[in-house]
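Here is the structure we will look at, set down as structure tokens.
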Ligand code: NAD
Ligand code: MG
């Protein structure tokens, strides 16, 4: 007898035109008998989203602003495509929480991802979290919402997905019994692992975005070059796995084959390995607790030959230290750190700021912003984010003016 055909799982992809969005659609396309696309969203890449709508026929497409939505609507109408086009933050929340939706991939970059991801969580969806900034900004509040709604939260960040795989299945229900000594987050060290320190100020956005092992969006590529990405991931790991910062260790592993490890009290260390390709964690989380093919070939350990490990340099990568300090400080400090970083990275990519000045902006913003208040509401977090951005922009202008004079 034929097995009963399973119902197609409806998926919303927030940030469909990005690097994670593209990898997600690649995996979804390989499993068309299992997944259907409910909604695709993008900020302003109209032509790219139009192409994706033609290929995947989602029920909805959402653009960040009305003008982009109007352009997309026209293109799709002329092509005879039935996708309904919406615009703005409320529409993002709607396609993340709609009754028909089973799975939401949260792959918008930066703080803009917070509200729609929260909407998906509050609606109790299976939420695939790539947008680490959400957890950095609102960690405790976000995890409370997950617990309240019964949403299933699965990490997409390769390190956290690896840790999730290396932890026991019932870890969340009884973390103390699991005997976790440390979480070991691996880091490639980025493109400037061996660049002489006195040359770092001259590096260009193109050099910073040329990651040695991963293909990613621009913002996370710069974060990898400063190692702020690993700092944000320490904060992310703290909230996902309820492990204190002093038991989360960063290990530089340039080959990016071991995606992270869990060190247990009995001396066992459990690791997850694979090629550096985000389709692996995406396929893992999409099908979890089942497994499906991701399109990535089998790992050839003979080809890799050697794996190596180094201690990270907090002198070379001061952003890593700033992230640990913000997590220790708690409250609104991580939200301020994140906002200042987003502004500084945008200014660096816009060639207004040198590479090392990214750290200067974040340090100054953390010193000036009021981070003493606890994070008691999402509105409070968003206010702290807006306030920190104002300070960071002042600092960027100040550094820019100084550079023009010298
Ligand atoms: P990206 O820049 O390639 O794509 C970002 C997506 O978000 C695009 O679709 C863009 O249109 C959309 N977007 C940007 N600003 C928006 C706004 N204001 N409103 C609505 N939509 C907006 O980024 P990415 O590399 O795919 O990263 C996405 C997220 O996943 C980030 O949080 C990143 O840290 C995380 N992540 C990425 C990777 C990776 O390999 N790329 C790995 C781990 C985690
Ligand atoms: Mg990562």
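Per the listing 8, 25, 76, the residue uniquely more than 9 Å from ligand 1 (Cβ to nearest atom), surrounded by fewer than 23 Cβ atoms within 10 Å (Cβ to Cβ) and under 25 Å from the mean Cα position of the chain (by Cα) is 25. Sort out which residues of the range 15-53 are in a loop (DSSP other than H, G, I, E, B) and within 16 Å of ligand 2 (Cβ to nearest atom), and write them in order of number. Selection gives 15, 18.
Conditions tested, residue by residue: (1) under 19 Å from the mean Cα position of the chain (by Cα); (2) assigned by TED's automatic domain parsing to the domain that holds residue 18; (3) within 17 Å of residue 358 (Cα to Cα); (4) more than 13 Å from ligand 1 (Cβ to nearest atom).
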residue: 198; (1), (2), (3), (4): no, no, yes, yes
residue: 202; (1), (2), (3), (4): no, no, yes, yes
residue: 206; (1), (2), (3), (4): no, no, yes, yes
residue: 209; (1), (2), (3), (4): yes, no, yes, no
residue: 216; (1), (2), (3), (4): yes, no, no, no
residue: 225; (1), (2), (3), (4): yes, no, yes, yes
residue: 236; (1), (2), (3), (4): yes, no, no, no
residue: 242; (1), (2), (3), (4): yes, no, no, yes
residue: 276; (1), (2), (3), (4): yes, no, no, no
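Quick one: residue 221 ticks every box in (1) within 16 Å of ligand 2 (Cβ to nearest atom); (2) touching a residue at least 24 places away in the same chain (Cβ under 8 Å); (3) surrounded by 17 or more Cβ atoms within 10 Å (Cβ to Cβ) except a single one, so which number is it? Checking residue 221 against (1) within 16 Å of ligand 2 (Cβ to nearest atom); (2) touching a residue at least 24 places away in the same chain (Cβ under 8 Å); (3) surrounded by 17 or more Cβ atoms within 10 Å (Cβ to Cβ), the one that fails is (2).
Only one of the numbered conditions (1) free of Cβ contacts under 8 Å to residues at least 40 places away in the same chain; (2) over 28 Å from residue 268 (Cα atoms); (3) in the same structural domain as residue 324 (by TED's automatic domain parsing); (4) more than 15 Å from ligand 2 (Cβ to nearest atom) is not met by residue 145, and that is (3). Is it the case that residue 116 is touching a helix residue (DSSP H, G or I) at 6+ places or on another chain (Cβ under 6 Å) and free of Cβ contacts under 8 Å to residues at least 24 places away in the same chain? So residue 116 does not fit the description; no. Hey, among the residues in the range 179-192 that are touching a helix residue (DSSP H, G or I) at 6+ places or on another chain (Cβ under 6 Å) and touching a residue at least 60 places away in the same chain (Cβ under 8 Å), which one's farthest from ligand 1 (Cβ to nearest atom)? Here the answer is 182. State whether one or more residues within the range 146-158 are closer than 22 Å to residue 308 by Cα and either buried (at least 19 other Cβ atoms within 10 Å of the Cβ) or more than 13 Å from ligand 1 (Cβ to nearest atom) (or both). Yes, that holds for at least one residue. Quick check, is residue 347 within 21 Å of residue 235 (Cβ to Cβ) and within 21 Å of the chain's Cα centre (by Cα)? Here the answer is no, as residue 347 does not meet what is asked. The condition of being crowded, with 24+ Cβ neighbours inside 10 Å, in contact with a helix residue (DSSP H, G or I) (Cβ under 9 Å, 6 or more places away or on another chain) and farther than 20 Å from residue 284 by Cβ does not hold for residue 175. Among the criteria (1) surrounded by 17 or more Cβ atoms within 10 Å (Cβ to Cβ); (2) touching a helix residue (DSSP H, G or I) at 6+ places or on another chain (Cβ under 6 Å); (3) more than 14 Å from residue 322 (Cα to Cα), the one residue 352 does not fulfil is (1). For the range 128-169, a residue qualifies if it is in a loop (DSSP other than H, G, I, E, B) and touching a helix residue (DSSP H, G or I) at 6+ places or on another chain (Cβ under 6 Å), and the qualifying residues are 130, 131, 151, 156, 157, 168. Consider the range 312-342 and keep the residues that are touching a helix residue (DSSP H, G or I) at 6+ places or on another chain (Cβ under 7 Å) and not in a helix (DSSP H, G or I). The one that is nearest to residue 383 (Cα to Cα) is 332. Within the range 84-107, the only residue that satisfies the criterion of being within 16 Å of ligand 2 (Cβ to nearest atom) and not in a strand (DSSP E or B) is 107.
Residue 231 satisfies every condition listed in (1) in contact (Cβ under 8 Å) with a residue 24 or more places away in the chain; (2) buried (at least 19 other Cβ atoms within 10 Å of the Cβ); (3) within 10 Å of ligand 1 (Cβ to nearest atom) except (3). The set of residues in the range 255-311 being in a loop (DSSP other than H, G, I, E, B), over 25 Å from residue 178 (Cβ atoms) and without any contact (Cβ under 8 Å) to a residue 12 or more places away in the chain consists of 298, 300, 305.
The values are calculated or read from the model by the stated rules, or taken from the named source; none is laboratory data. Predicted model, so just to flag it, every value in this text is computed and none were measured. Quick reminder, even Gly has a Cβ in these numbers, built from the backbone with ideal geometry, and neighbours come from all protein chains shown.
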